[in-house]
Amino acid sequence: MDRFKITGGGPLKGEVTVNGSKNAALPVLVASLLTDEPFEVSRLPLLRDIRTTFRILEALGKKIDYENDRAVITSAGQLSTSAPYDLVKQMRASNLVAGPLVARFKHARVPLPGGCAIGLRPMDIHLSAFEKLGATVATEQGDIVLTAKKLRGAHIKFPFPSVGATENIMMCAALVPGTTVIENPALEPEIADLALCLNEMGADVKLSHKTITITGKEAMHGAKHRVTADRIEAGTYLIAVASGGGRAKIRGCVPGDLKALLSALEKSGAKISVNGDCIEITGPARPKPVSITTKPHPGFPTDLQAPWMAYMCRAKGLCRIRETIFENRFMHAAELARMGANILVKGNTAYIRGVERLSGAIVMSSDLRGGAALALAALSANGGTEIQRVYHIDRGYFRLEEGLRGLGAKMLREHIKE
């Protein structure tokens, strides 16, 4: 088990290049189940969730060859239609294998998934959509079992723009005869990246501002796909630089994917300059308080809610953060309070009254983005901070400490012998 040791107090300066998106890479990798032909994915950071996805694909019958940031996926034989619980329980996104498997083989057995403890994220939206496509849904011994004699295109209206359900149904419908229309889908940049990947494989997927239309094909072929930039990693670096009043360039971004964050940063007093795929930011000595509400894209991303809270802990005044996507996503608030933050949580809303300076402390990461928030708070705190359970952070950030050290952060990873 590893921990981070961080000495705060100094502004970040320099340049850092963003990795490929974990949230985009996971469904793209799963899309390899739609074909037996070789499938290549590049700009692929070797994160914990990526490695878990490799293992799930291998358990289902795929062969993975990974080198540098590129994975070549081939079929090792007949694919299995049952995902193993010991792997699925490690990651919520593993339920995405259901769509490709039931589309190709008319059967899929997937255990209810695990992952960060930030809410139930129920499968109801996925399952009702599969039923619209003609699948029969049952639960057996903690597993979801999908079967179908014949699947058909359908008009599906989501009660909520669920990212996972949108990805699952997109992959399934790509091989379902007829036309499928998803109304009220998620339209995050990762969804657009998956649509691009599916079309590279021979699918017919069209996105609009309100719907996704998929015309089913008889078969998918292999493809080469380069994963889009990780907007959450880019956003985390931007907030980190702003938090300490630093100045840096974040390269390899898609600035258009970060409009809500960039607007909030400018309101807080940060100066932003965009040039192609590079965002230059200069942070304020102390930010102005800026209230945010998490919303589906293009709103403020829920995955940047925790880092934003860390930033607002030193704001000059009172602000509010309202979480509308996931319940139970304020667990980092108690750990920030250990560092001197003034935070009051009421239901899905946190009220933060900024303090002049945080203090280093021993804190514990309870989830991926909450762990990143603790690292950002530590960078602008007086003294040293120790962050335990950094394996949560490793699920979504590729060598975060190296990227931050490149900007001048005093941050080390230490292995703890158990």
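Read-outs: derived from the displayed coordinates by stated rules, not from any lab. Given the structure is predicted, the values throughout are model-derived calculations rather than measurements. Here the Cβ positions follow ideal geometry from the backbone for every residue, glycine too, while neighbour counts run over all protein chains shown.
Starting from the eigenvalues of the Cα gyration tensor, five times each then square-rooted, give me the equivalent ellipsoid semi-axes of the stretch 264-408, largest first, whole Å.
20, 19, 17
Taking a cut-off of 17 Å, what percent of all Cα-Cα pairs in the stretch 161-217 are separated by more than that?
Summing the P(r) tail past 17 Å for the stretch 161-217 gives 22 percent.
Pick from 364, 170, 309: which is most flexible by mean-square fluctuation in a GNM of the chain where alpha carbon atoms under 10 Å apart are linked?
With Cα springs under 10 Å in the chain, the top fluctuation among 364, 170, 309 is at 364.
Using the Kirkwood formula over every pair of different C-alpha atoms, what hydrodynamic radius in Å results for the stretch 281-337?
When all Cα pairs of the stretch 281-337 are included, the Kirkwood radius is 12.1 Å.
Place a +1 charge on the Cβ of each Lys and Arg in the stretch 94-209 and a -1 charge on the Cβ of each Asp and Glu, then give the dipole magnitude about the Cα centre in debye, rounded to the nearest 20.
Computed charge dipole of the stretch 94-209: roughly 480 debye.
Let me know the charge dipole size of the chain about its Cα centre in debye, to the nearest 20, where only the beta-carbon of Lys, Arg (+1) and Asp, Glu (-1) is charged.
I would put it at about 1100 debye.
For residue 17 and residue 199, what does the FRET efficiency come to when R0 = 22 Å and r is the distance between their Cβ atoms, rounded to the nearest 0.05?
0.20
By a straight-distance test (C-alpha under 28 Å), which lysines pair with residue 132 as possible cross-link partners, with residues fewer than eight away in the same chain excluded?
89, 106, 149, 150, 157, 206, 210, 217, 295
How big is the convex hull of the Cα atoms of the chain, per residue, in Å³?
129 Å³
Using the per-residue mean of other Cβ atoms lying within 10 Å as a proxy for protection, in what order, highest first, do the peptides 94-101, 20-27 fall?
Highest-to-lowest ranking by the protection proxy: 94-101, 20-27.
Which one of 269, 33, 20 is farthest out on the positive end of the charge dipole of the chain, using unit charges on Cβ (Lys, Arg +1; Asp, Glu -1) and the Cα centre as origin?
Among 269, 33, 20, the one farthest towards the positive end of the dipole of the chain is 269.
What is the order of 365, 268, fewest Cβ neighbours within 10 Å to most?
If I rank by nearby Cβ atoms, fewest first, I get 268, 365.
Which helices, counted as full DSSP H runs in the chain, have an axial Cα extent of no less than 24 Å and a Kyte-Doolittle average of -0.5 or above?
Taking the DSSP H segments of the chain (at least 24 Å long, mean hydropathy at least -0.5), we get none.
For the peptides 352-359, 367-374, 311-318, 65-72, what is the packing order when you average, over each peptide's residues, the other Cβ atoms within 10 Å and list the highest mean first?
367-374, 311-318, 352-359, 65-72
Can you bin every Cα-Cα distance in the stretch 347-418 into 5 Å intervals starting at zero and give me the percent of pairs per bin, rounded to whole numbers?
Each 5 Å bin holds this share of Cα pairs: 3, 14, 23, 27, 18, 10, 4, 1.
May I have the extent of the alpha carbons of the stretch 223-290 along their three principal axes, as whole Å values ordered from largest to smallest?
Principal axes ranked by extent give 48, 20, 18 Å for the Cα atoms.
Work out the charge dipole of the chain with +1 on the Cβ of Lys and Arg and -1 on the Cβ of Asp and Glu about the Cα centre, then indicate which of 375, 228, 83 is farthest towards its positive end.
The residue sitting farthest along the positive end of the dipole is 375.
Nearest 5 is fine: what % of DSSP beta bridges in the stretch 176-327 come out antiparallel, could you say?
85 percent
Quick one: check the C-alpha center-to-center distance for the stretch 7-57 versus the stretch 379-418, whole angstrom.
19 Å
Report the gain in length on full extension from residue 76 to residue 155: 0.36 nm times residue separation, minus Cα-Cα distance, nm rounded to one decimal.
So the chain would gain 24.9 nm between residue 76 and residue 155.
Could you sort the peptides 51-64, 137-150 by per-residue average Cβ neighbour count (10 Å cutoff), highest mean leading?
Descending mean neighbour count gives 51-64, 137-150.
When the distances between all Cα atoms of the stretch 22-226 are binned every 10 Å from zero, what whole-number percent does each bin get?
9, 40, 40, 11, 0
Under the rule of -39500 (n - 2.57) per DSSP H run of 4 or more residues, summed and divided by the residues of the chain, what mean residue ellipticity at 222 nm is obtained, to the nearest 500 deg cm²/dmol?
After summing the helix terms and dividing by residue count, I get -8500 deg cm²/dmol.
In nm, what is the difference between 0.36 nm times the number of residues separating residue 107 and residue 89 and their Cα-Cα distance?
4.5 nm
Quick one: if the Förster radius is 22 Å, what FRET efficiency do residue 351 and residue 389 give, using the C-beta to C-beta distance and rounding to 0.05?
E(calc), rounded to 0.05, equals 0.25.
Over 29 Å apart: what share of the alpha carbon pairs of the stretch 176-331 falls there, rounded to a whole percent?
Above the 29 Å cut-off, the stretch 176-331 has 30 percent of its Cα pairs.
So if I take the centroid of the Cα atoms in the stretch 118-196 and the same for the stretch 277-309, what is the distance between those two points in Å?
One Cα centre to the other: 30 Å.
Taking only the alpha carbons of the stretch 1-144, what extent do you get along each of the three principal axes, in Å, biggest first?
Here the Cα extents, ordered largest to smallest, are 58, 36, 28 Å.
Please get the size of the charge dipole for the stretch 22-226, origin at its Cα centre, with Cβ charges of +1 on Lys and Arg and -1 on Asp and Glu, quoted in debye to the nearest 20.
The calculated dipole for the stretch 22-226 is roughly 220 debye.
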